[in-house]
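Enquirer: My questions will all concern the structure given below.
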Amino acid sequence: MKMRNLIIIAFRNLFRNKRRTILTSSLIAFGVVLVVVFGGLAISFKSQMIGILTNTAMGDLQIHRKGYVESIDNQPLHLTLSGTELADVEKMLNGMPEVASYSPRIKFGAMISNYAQTSNIRLSAVYPEMENRTVSELIKRIKGQITSPDEFLKPGEILVPENLMKGLSLKIGDEIVLVATNKDGSVNAVTLRIAAVMENVFGPSGKDGYIHIQDGQTLLRMDQPEIVEIAVHLQKFDRLNGVFEQLMKESDQPESSIEVHTWEQLSPFSSITRIVDLLILVVKFILISIVLVSILNIMTMSVYERISEIGTIAAIGTPPSRILSLFLIEGFAIGLLSTFGGIVIGIGTLSLMNLTRIDFTFGQMDISLAPGIPAGEVFWIAVIVMFVSLFAGFHPAYKASKMEPVDALGHV
Amino acid sequence: MINYDIIQKLVTFFGIIEGKLMSLIHLENIEKVYDTGEIPVQALRSINLEIQTKTFVSFIGPSGSGKTTLLNIIGCLDKPTDGKVFVNNIDVGMLNRAESAVFRAKTIGFVFQNFNLIPVLTVYENVEYPLLMLGRIPLKERRSRVLRLLEKVGMTDQKDKYPNKISGGQKQRVAVARALVTNPQIVLADEPTANLDHTSAFKIISIMHEMTNEFGTTFIFSTHDPKIVGEAEILYTLEDGAIVNTEQRKAV
């Protein structure tokens, strides 16, 4: 018997008990819709989160002198890149077409004083133009008059974090004093004017401020910039792993003095993305359970209702392998129809959400979800449901194929 | 897969040379015991039987006399507890389940008391189904065979209907067409008229007669309906699992 005939019979059998088939298919389709819609929302949320994290402060990748990340909490100033080392790294980055921009930074800790009170502050001394090109969302976190994004800082100016502004009762235009110890242990101070307020993406917390790299050099008494960190922004985020591997190869050379980390390795918030992935996985497991139970149930009922019929088709010459195929196709067909329906409804729902857009605030982040699901993800959902449908239908189908015709014919 | 055609030709060839070719159906000392509970039930006892080709045979007897069991064993649906069954010179006891299925598809047609048509297939498709089991029969030939049989049983105008839309008599006519569509040498019918009225029952028996004459098929049916018993050429009476009487009648 040709497969086409088996498929026709299997489909007709499915519609013998329309209500039951429709109920089961609806349940499976609902599971698929759940995975598609939840997956679309979660993937969109995750990519927005990653985008905000990488484009606001971290960059996609960071390069440091070897050993820096291990002691990052101490912000050591002796682990820097300067002179030929810095030139070599810049040459390497300039030679990589995937790299859109990079921003060298001097990161250090200092004391900030309003002449009456003092507090501590973490500072990034940056080239404003390079920083703006590398972390383009940073400008959105600055509250104050900025003439141009590429000149959000000028020499003699400082961006002070929100909670320090409140804690030290500062306002834009005030003068503050920064006191810092350089790598040799000598202390120096500079006076700077507050140009704007820095807002933290996760709410009014953190003590990260920005100054111009020239002021950083002056404060730390550096003859030339001694760069602690280079943030790298890629043309396409999905090339991250490729670029990371390429840079790792360079850093693994014995003569290399650099180490490379992705945003994920450096940010504690990368765990949020892992939680999102875990949630997607949980929803997929729920889907698998729904499909498994539904198909096992409907196919078992179907076999027990049709024992006499199985006996008839066996008696008139249907080999056990074809009886097995017939029932497997029935289970598979339910999975196929439900998956198709679920994917269509799921993608339709995502498209509607896309039209209306979902806007909300997470911390200080304005998130506007434009949910969508990659074709590969949809493909794998379909493959999982098909496979589980076949798996779930196997036991009832096997049972049907093993029935003795004489026993089955005698069944009432 | 065993090629029964070749085996059959070889068996026939050597049988003719040795001069001891068996009948179409040859049963030797058949015993059947059902071990269903504490007490084993002896369904068939020492059955020895020879049925020739192109005959119209009936098994009669009261309920529980072993008619259906005997038909099941001849039809390779069941195996005897003891004894040998040769159908068309093949020792069917040696066949496994898959081989039995292929053998049945090629050699035996079945007509059941409850018609047993497949409810999701139309009348045409029900008759076509056994041909699909044989495989490699071109669509044109399948169509011609099915339509011819439907015409013979007077069901051409009902061919697109599903079984739930036709009467019991019509269902059994379709079942006869389905049993004959593969040109089997044997058709086994278990109480084929039990669920039919008198007119329909005679119509079915009459069709079976015509088919025996036209296709040379051996029809074997069980019944306890005295009205149609007289239609058989050879009548075997069963009681308590044993053949107690054999009556050879003139061809009807």
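The values are calculated or read from the model by the stated rules, or taken from the named source; none is laboratory data. Quick caveat, the model's predicted, so the values are computed rather than measured. Because the Cβ atoms are built from the backbone with ideal geometry, glycine has one as well, and the counts that use them run over all protein chains shown. These accessible areas exclude ligands, DNA and RNA; they are computed on the full protein's heavy atoms, side chains included. Shrake-Rupley method; radii C 1.70, N 1.55, O 1.52, S 1.80 Å.
Enquirer: Just how many pairs of Lys in the stretch A:67-256 have C-alpha atoms closer than 25 Å, counting pairs that are eight or more places apart or on different chains?
Expert: Within the stretch A:67-256, the lysine pair count is 27.
Enquirer: Now for a different question. Would you please give the FRET efficiency between B:VAL244 and A:LEU27, computed as 1/(1 + (r/R0)^6) with r the Cβ-Cβ distance and R0 = 45 Å, to the nearest 0.05? Don't skip to the answer; put the middle values down first.
Expert: Values: r = 59 Å, r/R0 = 1.32.
Once rounded, the FRET efficiency stands at 0.15.
Enquirer: Sticking with this one: Could you sort out which of B:LYS32/B:LYS54; A:LYS402/B:LYS54; B:LYS79/B:LYS165; B:LYS54/B:LYS161 sit more than 30 Å apart by Cα distance in this structure?
Expert: Violating the 30 Å Cα-Cα cut-off are A:LYS402/B:LYS54; B:LYS79/B:LYS165; B:LYS54/B:LYS161.
Enquirer: Roughly how many whole Å is it from the C-alpha centroid of the stretch A:122-168 to that of the stretch A:344-412?
Expert: 47
Enquirer: Hey, another quick one. Out of residues 5 or more away from B:GLN113 or on other chains, whose amide H comes under 5 Å of its own, with H placed 1.01 Å from N in the peptide plane?
Expert: Those lying under 5 Å, H to H, from B:GLN113 are B:ASP190.
Enquirer: I've got another one for you. Going by a 1.4 Å probe on protein heavy atoms, which residues of the stretch A:320-342 end up with at least 10 Å² less accessible surface in the whole assembly than in their chain alone?
Expert: Residues shielded by partner chains are A:PRO320, A:ARG322.
Enquirer: Mean Kyte-Doolittle hydropathy of -1.0 or higher plus an axial Cα length of 20 Å or more: which whole DSSP H helices in chain A meet both? Before the final figure, lay out each step's value.
Expert: Numbers: long enough: A:18-53 (51 Å, 1.39); A:270-305 (53 Å, 1.81); A:320-356 (54 Å, 1.43); A:375-401 (37 Å, 1.29).
Helices meeting the span and hydropathy rule in chain A are A:18-53, A:270-305, A:320-356, A:375-401.
Enquirer: Tell me, what is the FRET efficiency for A:PHE15 and A:SER119 to the nearest 0.05, using R0 = 60 angstrom and their Cβ-Cβ distance as r? Provide the component values of the computation, followed by the final result.
Expert: On the way: r = 74 Å, r/R0 = 1.24.
With R0 = 60 Å, the Cβ-Cβ based efficiency is 0.20.
Enquirer: May I pose another question? Over chain A, what percent of the accessible surface lies on carbon and sulfur atoms, probe 1.4 Å?
Expert: Values: 11330 of 19150 Å².
Answer for chain A: carbon and sulfur cover 59 percent of the accessible area.
Enquirer: Also, I was wondering about something else. For every helix of n ≥ 4 consecutive DSSP H residues, a contribution of -39,500 (n - 2.57) applies; sum these over the protein assembly as shown, divide by its total residues, and give [θ] at 222 nm rounded to the nearest 500 deg cm²/dmol.
Expert: Details: 21 runs with 305 residues, N = 664.
Computed ellipticity for the protein assembly as shown at 222 nm equals -15000 deg cm²/dmol.
Enquirer: Please name the residues of the stretch A:1-34 whose accessible area, counted over protein heavy atoms with a 1.4 angstrom probe, falls by no less than 20 Å² between the chain alone and the full protein assembly.
Expert: Those are A:MET1, A:ASN5, A:ILE9, A:ARG12, A:ARG16, which lose 20 Å² or more relative to the chain on its own.
Enquirer: Here is a further query. Using alpha carbon centroids, what distance separates the stretch B:179-243 and the stretch A:35-94, in Å?
Expert: Rounded to whole Å, the Cα centres lie 88 Å apart.
Enquirer: Now, a different point. If you rank A:PHE387, B:PHE112, B:PHE202 by how much accessible surface each has, with a 1.4 Å probe, what is the order from largest down? Don't skip to the answer; put the middle values down first.
Expert: On the way: A:PHE387 135, B:PHE112 20, B:PHE202 65 Å².
Solvent-accessible surface, decreasing: A:PHE387, B:PHE202, B:PHE112.
Enquirer: Something else: Before I look further, what does chain A give for accessible area per residue, probe 1.4 Å, in whole square angstrom? Before the final figure, lay out the partial values.
Expert: Numbers: 19150 Å² over 412 residues.
Ligands and nucleic acids excluded, the result is 46 Å² per residue.
Enquirer: List the extent of the Cα atoms of the stretch B:143-252 along each of their three principal axes, largest first, rounded to whole Å.
Expert: 45, 27, 23
Enquirer: Please report Rg (one decimal) and Dmax (integer) in Å for the Cα set of chain A.
Expert: When restricted to the Cα atoms of chain A, Rg and Dmax are 31.4, 101 Å.
Enquirer: Using a 1.4 Å probe on protein heavy atoms, which residues of the stretch B:104-123 have at least 10 Å² less accessible area in the complex than alone?
Expert: Residues passing the criterion (a loss of at least 10 Å², heavy atoms only) are B:ARG104, B:ALA105, B:PHE110, B:PHE112, B:ASN116, B:ILE118, B:PRO119, B:VAL120, B:LEU121.
Enquirer: A follow-up question, please. Hey, any idea what % of chain B's accessible area is carbon plus sulfur with a 1.4 Å probe?
Expert: Details: 5860 of 11460 Å².
The C+S portion of the solvent-accessible surface of chain B is 51 percent.
Enquirer: In terms of the ratio Rg/(2.2 N^0.38 Å) built on C-alpha atoms, what value belongs to the stretch A:67-256?
Expert: Values: Rg = 17.1 Å, N = 190, 2.2 N^0.38 = 16.2 Å.
Taking N as the residue count of the stretch A:67-256, the ratio is 1.06.
Enquirer: Pull out the extension gain between A:ALA100 and A:ILE367, defined as 0.36 nm times the separation in residues minus the alpha carbon to alpha carbon distance; nm, one decimal.
Expert: Numbers: separation 267, 0.36 × 267 = 96.12 nm, distance 2.43 nm.
Going from the current span to full extension adds 93.7 nm.
Enquirer: I've got another one for you. May I ask for the accessible area buried between chains A and B, both sides summed, probe 1.4 Å, to the nearest 100 Å²? Let's see the in-between values first.
Expert: Numbers: alone 20240 and 12540 Å², together 30600 Å².
Protein heavy atoms only, the A-B interface buries about 2200 Å².
Enquirer: Still on this model: How long are the semi-axes of the equivalent ellipsoid of the stretch B:4-248, taking √(5λ) for every eigenvalue λ of the Cα gyration tensor, in whole Å from largest down? Don't skip to the answer; put the middle values down first.
Expert: On the way: eigenvalues 160, 104, 59 Å².
Whole-Å semi-axes of the equivalent ellipsoid: 28, 23, 17.
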